[in-house]
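Visitor: Dumping the structure here so I can ask a few things about it.
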Amino acid sequence: MSAQRRWQHHGFRRFFQGAAPDVVGLLVARGDISVLATAAFLEWSRGSGSAEALTALESQTDQARPKLLAALRSALVTPIDQEDVYVLSERCDRVVNVVRDITVEAEALAWRPDRHAALMAGHLHDGMPALVDGFAKLRHDFDQAGVAADQARAQARSVVGRYWDAIAAIYRSDDLQAAVIGRELYRPCTSARAADRLEAVADRLWYVVLADV
């Protein structure tokens, strides 16, 4: 984007900003629900909490969706592209869906999370508040939004590292049944699902940062 086009783009954005819905605020609010969900998942992974708590939070994300969509449809100009707001929100919802599914499946199999599961959940939870902080930074500090995206990506990669530690422990276990079930339930926390989806939010956040250059 040329300097003149960039000036015009930001000028029109500032002109309409006062009357526009606070779509960044709505994005942050939806992200906050995702933070609560990863916190509930961490609590469950440490031996307390329940799948029902995750199901309730997933329902909250569904209830918040129409408000955000209505704001996006009514806004003439938004601080960031409307598609980016939608994608960031939808990718956060996917993280919530995954952690809810893990708890439901584990309880159906009567499997209790162990130390490795708790460590993976801890990194997953640490990544989500970083992302939501990055969303808030989109109002005034795109550089710091990029920093937040990097922090979330680092946490997602740490989940994968913990996964391999867990797999190594499984092969040293004498309880074959618990080992097999554990392996199947560790995997959704890693690159196949939860960590990968967390990193996908971080990648899109960086895309938004770069698009503003």
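Visitor: Would you check if there is a residue in the stretch 65-80 being surrounded by 23 or more Cβ atoms within 10 Å (Cβ to Cβ), within 21 Å of Trp206 (Cβ to Cβ) and polar (S, T, N, Q)?
Guide: No, the stretch 65-80 has no match at all.
Visitor: Here's a follow-up. Kindly list the number of the only condition in (1) assigned to a helix (DSSP H, G or I); (2) farther than 22 Å from Arg94 by Cβ; (3) at pLDDT below 95 that fails for Ala106.
Guide: Result: Ala106 passes all but (2).
Visitor: Looking at (1) buried (at least 17 other Cβ atoms within 10 Å of the Cβ); (2) in contact (Cβ under 8 Å) with a residue 60 or more places away in the chain; (3) within 23 Å of Pro21 (Cβ to Cβ), which is the only condition Thr103 fails?
Guide: (3)
Visitor: Across the stretch 135-189, what is the total count of residues that are among the charged types (D, E, K, R), modelled with pLDDT under 70 and assigned to a helix (DSSP H, G or I)? Step through it out loud before you land on a result.
Guide: So the first thing to find is which residues in the stretch 135-189 are among the charged types (D, E, K, R), and the list is 137, 139, 141, 143, 150, 153, 157, 162, 165, 172, 174-175, 183-184, 187.
Then keep just the ones that are modelled with pLDDT under 70; that gives 174-175, 183-184, 187.
When the remaining residues are screened for being assigned to a helix (DSSP H, G or I), the result is 183-184, 187.
Residues flagged as among the charged types (D, E, K, R), modelled with pLDDT under 70 and assigned to a helix (DSSP H, G or I) within the stretch 135-189 amount to 3.
Visitor: Quick check on my filter: what residues within the stretch 30-43 are within 10 Å of Val99 (Cα to Cα) and more than 10 Å from the chain's Cα centre (by Cα)?
Guide: The answer is Ala40, Phe41, Leu42.
Visitor: Ok, one more. Between a residue in the stretch 81-93 that is within 18 Å of Gln60 (Cβ to Cβ) and any residue that is of a type in the set (Lys, Arg) and modelled with pLDDT under 95, which pairs come within a Cβ distance under 7 Å, given they are 6 or more apart or on different chains?
Guide: Going by the 7 Å Cβ cut-off, the qualifying pairs are Ser89/Arg30; Arg91/Arg197; Cys92/Arg30.
Visitor: Kindly provide the set of residues from the stretch 72-97 that are under 14 Å from the mean Cα position of the chain (by Cα), β-branched (Val, Ile, Thr) and closer than 16 Å to Gly134 by Cβ, ordered by number.
Guide: Across the stretch 72-97, the qualifying residues are Val85, Val87, Val95.
Table: residues versus (1) modelled with pLDDT under 85; (2) more than 20 Å from Val208 (Cβ to Cβ); (3) of a type in the set (D, E, K, R).
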| site | (1), (2), (3) |
| --- | --- |
| His9 | yes, no, no |
| Ser34 | no, no, no |
| Ala40 | no, yes, no |
| Gln60 | no, yes, no |
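Visitor: Say whether the condition of being β-branched (Val, Ile, Thr) and within 16 Å of Ala194 (Cβ to Cβ) is met by at least one residue in the stretch 154-162. Full working, then the answer.
Guide: As a first pass, look at the stretch 154-162 and keep what is β-branched (Val, Ile, Thr): 159-160.
Pick out the ones that are also within 16 Å of Ala194 (Cβ to Cβ) and you get 159-160.
Scanning the stretch 154-162 turns up at least one residue that is β-branched (Val, Ile, Thr) and within 16 Å of Ala194 (Cβ to Cβ).
The values are calculated or read from the model by the stated rules, or taken from the named source; none is laboratory data. Given the structure is predicted, the values throughout are model-derived calculations rather than measurements. Cβ coordinates were reconstructed from backbone atoms using ideal geometry, including for glycine residues, and neighbour counts include every protein chain displayed.
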